[in-house]
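All remarks here apply to the structure that follows.
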Amino acid sequence: MIITVAGEQKNVKDELSISELIEQEHVETPEYVTVSVNEEFPDRDQFDTTKLKEGDVVEFLYFMGGGAQKSEITGGKKDGILE
């Protein structure tokens with residue numbers, strides 16, 4: 001069957017589970033990946049039992065922490081005014 005993974009069409013076996021796809025795609029740090037299937041977000045505990053279907057669109061998403069200090073974001077401006 002044909003599904004779209006990260007914007008690329010792939011031919012995969014019928015009734016492939018999300019867990020199997022993660023393994024097949026060699027997803028880095030699978031314990032931290034969030035998966036969307038057709039813009040829906042199945043719970044991680046459903047990855048083994050959720051079977052993909054013809055035409056599904058799958059994306060692997062990673063949420064990154066961190067940030068920047070206010071001066072880095074505003075380019076040295078305080079409340080939009082140059083200091």
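The values are calculated or read from the model by the stated rules, or taken from the named source; none is laboratory data. Computed from a prediction, not measured in an experiment: that's the story for all the values here. Using ideal geometry, Cβ is built from the backbone for each residue, glycine included, and neighbour counts are taken over all protein chains shown.
Residues in the stretch 1-30 that are of a type in the set (Asp, Glu) and either outside any loop (DSSP other than H, G, I, E, B) or without any contact (Cβ under 8 Å) to a residue 12 or more places away in the chain (or both): Glu8, Glu20, Glu23, Glu28. The condition of being touching a Pro at 6+ places or on another chain (Cβ under 9 Å) and part of a strand (DSSP E or B) holds for Ser36. You will find that of Thr29, Thr49, the residue that is of a type in the set (Ser, Thr, Tyr) and modelled with pLDDT under 95 is Thr29 and no other.
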